[in-house]
1. Report yes if residue 100 is loosely packed, with under 13 Cβ neighbours inside 10 Å and modelled with pLDDT under 95, otherwise no.
2. Strands (runs of 3 or more DSSP E) wholly in segment 34-81 with at least 1 residues that are closer than 14 Å to residue 20 by Cα and touching a strand residue (DSSP E or B) at 6+ places or on another chain (Cβ under 7 Å) - which ones?
3. Given the options 107, 100, name the one that is closer than 16 Å to residue 140 by Cα and in contact with a strand residue (DSSP E or B) (Cβ under 8 Å, 6 or more places away or on another chain).
4. Test of understanding: among 43, 81, 67, which residue is more than 16 Å from the chain's Cα centre (by Cα), at negative phi and at pLDDT 95 or above?
5. Please state which of the following conditions residue 190 fails to meet, knowing it meets all the rest: (1) more than 17 Å from the chain's Cα centre (by Cα); (2) under 25 Å from residue 74 (Cβ atoms); (3) not in a helix (DSSP H, G or I).
6. Taking only segment 123-156 into account, find how many residues are over 23 Å from residue 92 (Cβ atoms) and over 19 Å from the mean Cα position of the chain (by Cα).
7. Among the listed residues 21, 2, which satisfies the condition of being loosely packed, with under 15 Cβ neighbours inside 10 Å, at pLDDT below 95, out of contact with any strand residue (DSSP E or B) (no Cβ under 6 Å at 6 or more places or on another chain) and closer than 25 Å to residue 107 by Cα?
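The values are calculated or read from the model by the stated rules, or taken from the named source; none is laboratory data. Everything numeric here is computed off the predicted structure, so don't read it as measured data. Here Cβ is always computed from backbone atoms with ideal geometry, including for glycine, and neighbour counts include all displayed protein chains.
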């Protein structure tokens, strides 16, 4: 597959890194200046692991809590899309820590719409593979409503196709705020029988 990837003519920039070592404290994350990406995910973040328990997103395929490959090690968002969501909600900002982001990138148009299997390559050579779009849900909406009570239900609609993507680590390395990000996209075809 890597030989079929196309390098895009523009680069993104890593604007912000966030982590939360304890899932029991909730979805919110704290800013960190750098992070070590391991095959199991971001060191020190609660969403890491080679495997995870299946959840409500996978009920059509598995019973809840079935052990599955963790393709949701990282949550990657766009600073531009976060600004669009905030504008649509009529609030000053949707902070990335409120929505469980690990990385906030800039300079990538329509980041949330990058196709599955796209690679994000960082300055160190660390590589993240995009698994899928991260659909908006009620958990970030609950956090946003603590800061903007009038917007409890506005997030899910405003963030549709703007909540970023989830992915997993394909190549290990250290990433730092300010890193350039090279984007490699797979061939894009529509499956005619879907």
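1. Values: loosely packed, with under 13 Cβ neighbours inside 10 Å: no; modelled with pLDDT under 95: yes.
So residue 100 does not fit the description; no.
2. Values: elements: 34-38, 51-53, 67-69, 74-78.
Where strands (runs of 3 or more DSSP E) fall fully within segment 34-81 and carry at least 1 residues being closer than 14 Å to residue 20 by Cα and touching a strand residue (DSSP E or B) at 6+ places or on another chain (Cβ under 7 Å), they are 34-38, 74-78.
3. On the way: 107 fails: closer than 16 Å to residue 140 by Cα.
None of the other options fit; the residue is 100.
4. Numbers: 43 fails: more than 16 Å from the chain's Cα centre (by Cα); 81 fails: more than 16 Å from the chain's Cα centre (by Cα).
Answer to the check: 67.
5. (2)
6. First pass over segment 123-156, keeping only residues over 23 Å from residue 92 (Cβ atoms): 123-133, 135.
Filter again for over 19 Å from the mean Cα position of the chain (by Cα), leaving 124.
Residues flagged as over 23 Å from residue 92 (Cβ atoms) and over 19 Å from the mean Cα position of the chain (by Cα) within segment 123-156 amount to 1.
7. Exactly one residue qualifies, and that residue is 2.
Residue by residue, here is whether (1) within 21 Å of residue 12 (Cα to Cα); (2) touching a residue at least 40 places away in the same chain (Cβ under 8 Å); (3) surrounded by fewer than 16 Cβ atoms within 10 Å (Cβ to Cβ) holds:
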| residue | (1), (2), (3) |
| --- | --- |
| 113 | yes, yes, yes |
| 121 | yes, yes, no |
| 125 | yes, yes, yes |
| 132 | yes, yes, yes |
| 136 | no, no, no |
| 144 | no, yes, no |
| 158 | no, yes, no |
| 161 | yes, yes, yes |
